[in-house]
Amino acid sequence: MKQFTCVQDIGDLKSALAEAFEIKKNRFKFVELGRNKTLMMIFFNSSLRTRLSTQKAATNLGMNVIVLDINQGAWKLETERGVIMDGDKPEHLLEAIPVMGCYCDIIGIRSFARFESKEFDYQETILNQFIQYSGKPVFSMEAATRHPLQSFADLITIEEYKKTPRPKVVLTWAPHPRPLPQAVPNSFAEWMNATDYDFLITHPEGYELDPQFVDNAKVEYDQMKAFEGADFIYAKSWAAYTGDNYGRVLSTDRNWTVSKRQMDVTNNAFFMHCLPVRRNMIVTDDVIESPQSIVIPEAANREISATVVLKRMLEQIP
Amino acid sequence: MKQFTCVQDIGDLKSALAEAFEIKKNRFKFVELGRNKTLMMIFFNSSLRTRLSTQKAATNLGMNVIVLDINQGAWKLETERGVIMDGDKPEHLLEAIPVMGCYCDIIGIRSFARFESKEFDYQETILNQFIQYSGKPVFSMEAATRHPLQSFADLITIEEYKKTPRPKVVLTWAPHPRPLPQAVPNSFAEWMNATDYDFLITHPEGYELDPQFVDNAKVEYDQMKAFEGADFIYAKSWAAYTGDNYGRVLSTDRNWTVSKRQMDVTNNAFFMHCLPVRRNMIVTDDVIESPQSIVIPEAANREISATVVLKRMLEQIP
Amino acid sequence: MKQFTCVQDIGDLKSALAEAFEIKKNRFKFVELGRNKTLMMIFFNSSLRTRLSTQKAATNLGMNVIVLDINQGAWKLETERGVIMDGDKPEHLLEAIPVMGCYCDIIGIRSFARFESKEFDYQETILNQFIQYSGKPVFSMEAATRHPLQSFADLITIEEYKKTPRPKVVLTWAPHPRPLPQAVPNSFAEWMNATDYDFLITHPEGYELDPQFVDNAKVEYDQMKAFEGADFIYAKSWAAYTGDNYGRVLSTDRNWTVSKRQMDVTNNAFFMHCLPVRRNMIVTDDVIESPQSIVIPEAANREISATVVLKRMLEQIP
């Protein structure tokens, strides 16, 4: 695997899951694979879970890790040719990125949507610059439009907890005081669409996601109806995607907060969220503290998904 | 050992010291013990000596280390139930802390007294949250009320330099321009009280420490009298503890600065301080530069005390 | 090797180059040498290439690495005796530096010229404090007056690309909007003067470097004339050194920008720069993108020069 940015990059999901469960049984099984190999983790945005779980994953494989925190504002690379660089951009991407590639074997990048330009965000400009110019395998540690390590961990978790071969999985929007990127819901939809689960998305009008991610998923504007008979509830807030509303908060309606009222119409569904989660905005205390809440095992699986991805990349290094 | 926050946690001091000296002879003797084990060091306050010595200790044991610097102001975890989290607290401790525990085997926490509330500080709120919710062994890298890795290093140092079985050890307050937490003197008193040394505390009136730490120690307000015949002088500044003066500087009287005048009445005592030290406030140049000053070997023993603590925690991990 | 701050410290260049090429063939050949040894990298100034390449070098040798970022402004060590330390300096260098030396085996220091005092900068005050007081081998990761890891990498690169035994190497000043330290040109001159290359320096009047670094090198104020028949062009901007102009930008004349016009009079010279480079100030797009540009392999050799230096220091540790 030369890059990991979306569900297509992981290939056959059954094989990927088999590898995940093999690693979960013995997470140091491949500790010799990364010997004398270096992972460089580059953060344009701050990180807690992703940083810790990915660093742990590299450790599982015996890799060395270099962490680079780049203040997003400070990372002003010139990208054009012909510009007289006498301003605030000290370096051109054509020099900066290949040099970083010199000192490592695999690169992880975190770079969020900035909500300044939908085109800039959805073209994944920064992630793609590293793929194109670093000369090394690159994986996303959450980019502008997707968070594939999270989605892969979500898939592993559902496989562990599901009680029927084709569970009903519902992605529900929930309110939040700030506008959040669509990376997690986009990515979750993309991965769920790649399974044979019964997958449905519910959100208020105006919160439609990019059609390329919604794909064949059912969309239901009535949250209560969406929840009926669900086996898994996956809650997440996101800012509007469509039209001029890109990056805006259109609603903070707490009727959409996941509570006992909605959970009662499910098939005793498990509750999932990628964390951090704002209680009583996204979900009530009693739901997230209930035995059906699997947010902690879900977070723990981040280590497993990252280990699989790094393992596959290491296997392809000559 | 499941937690290390105070002298009681280390158990029998003689065994602990024997282990310390065994490690000091060959600090890589147990380098296989930490293989594939990860230490997470979480800093709510900045650190130089503690960070370096603890990281080195983990290395001695072959562990992997993840360092997490959390700006104290930025760490706003919701702790209550029922709160609608639409403000500045993005996460609830019941999610945040268990997740950190997922990605490591042992957790070290540094969290100082804030001097905003004596109750909050002396309940060790943050340290105890990690002990209660992380699911992993937790040790203090200086908490609000104690600094046990320092005190254990102090004890090792005294054992190395003492010339009599029961030396006279004097903890003396000294002036400092800023209000400093009581963690170091509290902790030193607690550890000295656990030995059979002749232990005495001296400070100006108003600087009384919490009685639970003073315990049976003698308190002498006349510094010159306290120093008579002492074998070890342990200097430290601290802010007032008692009553409404909690966290205040009551005196910067440089008559309390440790100088030749006071050292001359001791039994050619060794001079100790946990560092950093302000010269000519805490101690004069000539005293700290004299052959009797053992502040550098004392600091070097921080690596040894941390190695013992980590070793004991590793031995208990299944 | 107990210290590495200048070309003299590396000794015979032929042996050093032989070691470099041996390591380049198999950069993990000495991975057992650094087992249980710790490198402490202390940064008083920010770093990208140096940090990454030196950390990778330590990894090549199996060392553990501790990185310490010290805000230059925050590092206020008292250096005098007799001062009552009741101000903004919390620690004396006589305590601070020996303690850092306690927890590691080798120390790397980055500390730039501040342009506040030529005397302070050119005495290498901070670097020398670590050499004098840390008790451990110390190497420069760019100091006020030299950048020897860069110059060594430059030498390795020239040896790899040269087509004649004694190539003509030209160091040329180039414009930049900000005043930059002389460390890179000083150091490059020093290393080139230690070879038998035909070495020449060109810059506008007023940009003369410290004579101790220029030494026997030819200085030519006419850039076009300097470039005639050159085999390597090494471009770099620097602020004035001489007299009251110390630290000032005297010119931003883009006639000095390296372009096709100048390269055309060379012997199809290779183009070098230490990076980061401002395009169309230092060098035009077409020159830096040409096949003759070797800035990326030059940067990659930073890993090699650092590995040689660390290897030699490790070999001398008892």
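Some notes on this structure:
- Number of residues in the stretch B:249-280 that are over 21 Å from the mean Cα position of the chain (by Cα), touching a residue at least 40 places away in the same chain (Cβ under 8 Å) and within 8 Å of chain C (Cβ to nearest Cβ) equals 2.
- The one condition in (1) within 30 Å of A:Arg254 (Cα to Cα); (2) crowded, with 23+ Cβ neighbours inside 10 Å that B:Lys89 fails to fulfil: (2)
- Here is the figure for the stretch A:232-290: residues that are within 17 Å of A:Val184 (Cβ to Cβ), in contact with a helix residue (DSSP H, G or I) (Cβ under 9 Å, 6 or more places away or on another chain) and charged (D, E, K, R) total 1.
- Taken over the stretch A:209-242, the residue count meeting the criterion of being open to solvent by 30 Å² or more (accessible area, probe 1.4 Å) and not in a loop (DSSP other than H, G, I, E, B) is 7.
- Among (1) under 20 Å from the mean Cα position of the chain (by Cα); (2) open to solvent by less than 10 Å² (accessible area, probe 1.4 Å), the one test that C:Leu180 misses: (2)
- Helices (runs of 4 or more DSSP H) contained in the stretch B:4-72 and holding at least 1 residues more than 9 Å from every other protein chain (Cβ to nearest Cβ), among the β-branched types (Val, Ile, Thr) and within 20 Å of A:Leu52 (Cα to Cα): B:49-60
- 2 or more residues within 14 Å of chain A (Cβ to nearest Cβ), farther than 18 Å from B:Asn186 by Cα and at pLDDT below 95: qualifying helices (runs of 4 or more DSSP H) within the stretch B:74-169: B:93-102
- Residues of the stretch A:122-135 that are on the phi < 0 side of the Ramachandran plot and free of Cβ contacts under 8 Å to residues at least 60 places away in the same chain: A:Gln123, A:Thr125, A:Asn128, A:Gln129, A:Gln132, A:Tyr133, A:Ser134.
- If you go through the stretch C:7-27 and keep only what is in contact with a helix residue (DSSP H, G or I) (Cβ under 6 Å, 6 or more places away or on another chain) and not acidic (Asp, Glu), you end up with C:Val7, C:Ile10, C:Ala16, C:Leu17, C:Ala20, C:Ile23, C:Lys24, C:Arg27.
- Yes/no for B:Leu127 being outside the structural domain of B:Glu220 (by the TED database), farther than 22 Å from B:Glu298 by Cα and more than 16 Å from the chain's Cα centre (by Cα): no
- Selection status of A:Lys118, touching a residue at least 60 places away in the same chain (Cβ under 8 Å), more than 21 Å from A:His203 (Cα to Cα) and open to solvent by 30 Å² or more (accessible area, probe 1.4 Å): no
- Flag if A:Asn60 is free of Cβ contacts under 8 Å to residues at least 24 places away in the same chain and either under 26 Å from B:Ala96 (Cα atoms) or open to solvent by 50 Å² or more (accessible area, probe 1.4 Å) (or both): no
- Filter pass, C:Thr164 being open to solvent by 10 Å² or more (accessible area, probe 1.4 Å) and assigned by the TED database to the domain that holds C:Arg254: yes
- Complete set of residues in the stretch B:121-134 that are open to solvent by 50 Å² or more (accessible area, probe 1.4 Å) and more than 16 Å from B:Phe44 (Cβ to Cβ): B:Gln132
- Some residue of the stretch B:31-53 being surrounded by fewer than 17 Cβ atoms within 10 Å (Cβ to Cβ), under 28 Å from A:Phe271 (Cα atoms) and small (Gly, Ala, Ser): no
The values are calculated or read from the model by the stated rules, or taken from the named source; none is laboratory data. The shown structure was predicted, so the numbers you read here are calculated from the model rather than taken from an experiment. Ideal geometry is used to build each Cβ from the backbone, glycine not excepted, and the neighbour counts take in all protein chains shown. Quick note on the areas: whole protein, heavy atoms, side chains included, nothing else; ligands and nucleic acids left out. Shrake-Rupley method; radii C 1.70, N 1.55, O 1.52, S 1.80 Å.
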